[in-house]
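The next block holds one structure in the form of C-alpha cells; read it before the comments.
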Amino acid sequence: MSKIMTVDVLSSIKGAQPSEAVSKLFEVIKNAHTTNTSSFNTNNNAVSVNDLRDDVVIESSDTEKQIIKANFPKQKKGYLVVSKVIEE
Amino acid sequence: MIMDSQIRSLHKKLVNKELSCTDLVKEKLELLKPNTNNTVNSLLEDSALKLAADVDAKIARGESIGLLEGIPFGIKDVYMVEGTYTTASSDLLKNYKSAYTATAIQKLLDAGAIPIVKENCDSFGHGSSSENTIFGAVKNAQNPELVGGGSSGGSAVNVAKGYTVFSIGGDTGGSVRQPAGYNHVYGLKPTYGRISRYGLMAYASSTDCVGPIAKTIEDIRIVLNTMSGKDVKDQTTYQSEPIPENAISENGSVKSVGYFKNFVESEAIDSKIKADFLSAIEKIKAKGIEVKALDFFKSDTLVSTYYTLAMAETASNLSRLDGTNYGNRIESENLKETYAVTRSENFSEETKRRIVGGNQVLSQGFSDEIYLKGLALRDQISENFEKDFNEVDIIISPVTPGTPPKIGDSLKDPLAMYLSDAYTVGFSLGQLPTLTVPQGTTTGLQITAAKDNDELVLKFANFLKDTI
C-alpha cells in the first residue's frame, strides 16, 4: 500500500515546490561516479555501547520549567492549549 | 616568543586596576548600541553589568581572577543561554527564550567570561551572507556596502570592529571560516566532536561545529581550550588534550604542505585571489618547506555532496519547529493546517528551499539515487583526505573563490551562493580542523590538518604570520 505524498505535504509548507537551484545540485550527484555505495564507515560517529550516558531522569531546574511554560504559544485558564490531535 | 593576545592584555589591565571590568563592558555595550552593522539581535546589558560588578568586587578584595574572567564576548544567536532571546534570526523563534545554556557557552561562563550580545546570522545557519535574517543584512566590517559573510556574519563583524573581544560562531559548511575571511579576522572550525554541540540549534548535525572567532591566534587557542572536552549531552564529543601555549609558538614539525590544484585552476576563482595564493605558496617554499599540488574532487561535486546531506539533515532537524510547544504558532482549522500555516508563514524562503530539498532527497525514489550516493561520495572525500595527510602535514587553500558580494546580490541567485562555498565545505564533510587566517589573499587562507590535530593548525598559523 503506497500513498504518494508531495513535498509540500511532507515538509508541512504550503505550496512548496522543488527549487531549480537545488535540482541542479542533485543532478551533479546523479551524474557523479562513486566507487562504493554499500558501506558508510568513514564518518561513523556511532557511540560504543560501553560508553552510553547513564539512563537516569535528571530533574530540570525551576527556572528551566518556568521558561518552558512561558515559551508555550497558547494558555487558557492555567492550561497549555494545543490543537485537537485526532481529527481523521 | 610572546604572542599577541587581546585577552591577555585586557586581563593584565584588569588585574593592575588600569581598567575596571564595568568600564570595559560598558565601552563594548556603547559600541554595540548604535548597531552600525546590523550585528545585534539582542544586548545582554543588565546581566553583563552585574557580572562585571562582581569581577570588580573580586579584584577590589584582592582575590585573583582567571584569564577569561571579565572578558566580554559575543554569541551567535543560535546558542542557548538560559533566559535570553534565542531567535536563530527567524520569525518563528523571534520571542523564544532559552530554557537552558549550551555546554560550550556554560564553560565560558564558568571561566568568568561575560556574554554581552546575541549576534545576527543567517536564519538557522542557512546562508553564506547573513542576509537571510529578520534583523536586516549584516554589513561588512571593511565596507558596509558588502555582505558580512555567513552564516556567522554578526560574530565576525563584531570581532573585526572591536565590539567584542571574541565571538562564538557556528560552522556547518564554512559559516565561521568564510565570514572570518570576509572581515579579516581569525575563525576556527575545530575537529568535529572536539567541542560539544549541546545547546547549539541543530542545522546539519554531522558537520555542525562550535567555532571561536578572534583577532589573534592566542585568543583562539585560549577559547578553544576552554570550550573543548567530552560531554555526555553530546555523545559525538571526545576527550582532547588542552593545547599548551608553547606548543604553537614555534614551527618545527611542518615539513610539507599541500594545496588542491583544481581550487587554483578553477574558472570561478578571482584572478587576484589566485595570484596572491600562488605568491603565498612561493613564500612558504622559500622557507624550505616542501609544497605538493594535490588532486581533489571538483568544486561542483563538493558543493552538491555537502548541500544534499546538509539539506537532508536540516529537513529532519527543523521538523520539530511546528509551533506546538514553542515558537510563533499561527492557529488554523486543525492540527495539520496549524503546522503548515505556522511553518509557511514563519520560515524564510531560503530555509523553506532547504527543507523541501532535504525532504526530496529523503523520499522514496530519490534516496538511493541522491542521498545514499551523497553519503558514498562523502566517504570518498574523507578517504581522499586520509591519503593526503599521509603525504603532507598541512593543506592550505583560499577561503573563497571571490570577494564579498554586494548586499542584495546573493539573495537573487541561490545557486551562485551555494557554489561560493566550494573551498570550505570539503573540510566540513571530512570533519577536519580548519582555521581561517586573515592573510595571503583578500579573503584570507584556510589551514587544515588531520583530525584532532588542531594544535598543528594553530602552530602553522603562527608560522605563517611571520612568513607571508
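Quick notes on this structure:
- Wholly enclosed helices (runs of 4 or more DSSP H) of segment B:395-468 bearing at least 2 residues more than 17 Å from B:Val257 (Cα to Cα) and in contact (Cβ under 8 Å) with a residue 24 or more places away in the chain: B:409-412, B:414-419, B:425-429
- In the condition set (1) more than 14 Å from the chain's Cα centre (by Cα); (2) within 30 Å of B:Thr308 (Cα to Cα); (3) among the basic types (Lys, Arg), B:Arg221 is compliant with all but (2).
- From the list B:Val341, B:Val361, the one residue that fits, being farther than 15 Å from B:Met311 by Cβ and of a type outside the set (S, T, N, Q), is B:Val341.
- The residues on offer are B:Glu345, B:Glu290, B:Glu350, and the sole one that is buried (at least 18 other Cβ atoms within 10 Å of the Cβ), at pLDDT 95 or above and more than 8 Å from chain A (Cβ to nearest Cβ) is B:Glu350.
- Test: B:Ile213 is touching a residue at least 12 places away in the same chain (Cβ under 8 Å) and either within 23 Å of B:Asn384 (Cα to Cα) or in contact with a Leu (Cβ under 7 Å, 6 or more places away or on another chain) (or both): no
- Considering B:Leu302, B:Leu309, B:Leu321, the condition of being surrounded by 22 or more Cβ atoms within 10 Å (Cβ to Cβ), within 30 Å of A:Tyr79 (Cβ to Cβ) and at pLDDT 95 or above is satisfied by B:Leu321 alone.
- Among the residues of segment B:142-182, those that are in contact with a strand residue (DSSP E or B) (Cβ under 9 Å, 6 or more places away or on another chain) and in a loop (DSSP other than H, G, I, E, B) comprise B:Glu145, B:Gly148, B:Ser151, B:Ser152, B:Tyr163, B:Thr164, B:Val165, B:Thr172, B:Gly174, B:Ser175, B:Val176.
- Between B:Ala275, B:Ala268, the distinction of being outside any loop (DSSP other than H, G, I, E, B) and not aromatic (Phe, Trp, Tyr) belongs to B:Ala275 only.
The values are calculated or read from the model by the stated rules, or taken from the named source; none is laboratory data. Note that the structure is a prediction, hence the values are computed from the model and not measured. Ideal geometry is used to build each Cβ from the backbone, glycine not excepted, and the neighbour counts take in all protein chains shown.
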